[in-house]
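Structure, as structure tokens:
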Amino acid sequence: MLTPQGLKGKQYRVTGNAYPRLGRPPKKSRKVIAALAALVALALIGLGGVQLYDIFSGKNRNASAQACATPSGKPLAAPTPGAAPAASGTLAAAQGDPHAIPQPTAVTVNVYNATTKAGLAGRTADELKKRGFTIGKVGNAPAELDKKVPGTAQVIAGPAGAGAATLLTSQIAGATATADARTDGSVDFVVGDSYNALLDETQAAAALALATKPSPTPTVTGSC
């Protein structure tokens, strides 16, 4: 007598060439296998849905942006706009608001001649007076500047005269501006070797507009 596996404990006698037919696996095993297959399918569907959500919601783009951050974790900052170009040298640091330009009548200008051309300071002072500037001292340049201004002119002012220096610098092409320790708003206009004449009033107005125009904020584009 034999009791093959799957015959549910029944005994059969093997005779001749006939063998008992094996029964199907128990229904309980089939249900367990089906449940596992369903769980695997649901997990795969859920994973695909999460990936699609990340793509369409922009999470992948956010991750790329984080990869562009500095080692401290902070995003790269955009560069700060520069100062007005007319106030060159150390005067640019002293200049506050580049738009705070006074009227010419509020600016006292001391005109000095650093060249060997006689009478140049007086003629320049007259031209500036016609444009509304208040004229202070007129004469030869001090020893530290005499024959030492190779350009058209050097404009010198203290922190209180930064706006006035910008206004005065716009009156002549190629003028440079520097700062000193004076506390009032007066400005020194030192005529240099390359000086010929003031810009005409239209050109001076255009130069002043350019000097006081805010620098545009750079746009950061591209990938890291």
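Taking strands (runs of 3 or more DSSP E) that do not extend beyond region 101-163, which have at least 2 residues that are in contact (Cβ under 8 Å) with a residue 40 or more places away in the chain and either more than 42 Å from the chain's Cα centre (by Cα) or within 16 Å of Ala177 (Cα to Cα) (or both)?
Working: elements: 108-113, 134-140, 153-157.
Passing ranges, in order: 108-113, 153-157.
For region 164-190, which residues satisfy the criterion of being without any contact (Cβ under 8 Å) to a residue 24 or more places away in the chain and among the β-branched types (Val, Ile, Thr)?
Keep residues of region 164-190 that are without any contact (Cβ under 8 Å) to a residue 24 or more places away in the chain, which gives 174, 181.
None; the set is empty.
Those residues that are surrounded by 24 or more Cβ atoms within 10 Å (Cβ to Cβ) and farther than 16 Å from Lys129 by Cα, I need them from region 164-184; list them, please.
Those that are surrounded by 24 or more Cβ atoms within 10 Å (Cβ to Cβ) and farther than 16 Å from Lys129 by Cα: Thr166, Ala175, Ala177.
Which of the numbered conditions does Thr219 fail, given that it passes all the others? Conditions: (1) open to solvent by 50 Å² or more (accessible area, probe 1.4 Å); (2) modelled with pLDDT of 95 or more; (3) among the hydroxyl-bearing types (Ser, Thr, Tyr).
It is condition (2) that Thr219 fails.
Just to be sure I understand, how many residues within region 138-195 are closer than 18 Å to Pro104 by Cβ and aromatic (Phe, Trp, Tyr)?
Result for region 138-195: 1.
May I ask you to list the residues in region 164-198 that are under 34 Å from the mean Cα position of the chain (by Cα), more than 16 Å from Ala114 (Cβ to Cβ) and hydrophobic (A, V, I, L, M, F, W, C)?
Ala164, Ala165, Leu167, Ala173, Ala179, Ala181
The values are calculated or read from the model by the stated rules, or taken from the named source; none is laboratory data. Owing to the predicted nature of the structure, the values given are computational and were not obtained by experimental measurement. Because the Cβ atoms are built from the backbone with ideal geometry, glycine has one as well, and the counts that use them run over all protein chains shown. Side chains included, ligands, DNA and RNA excluded: accessible areas come from the protein's heavy atoms. Shrake-Rupley method; radii C 1.70, N 1.55, O 1.52, S 1.80 Å.
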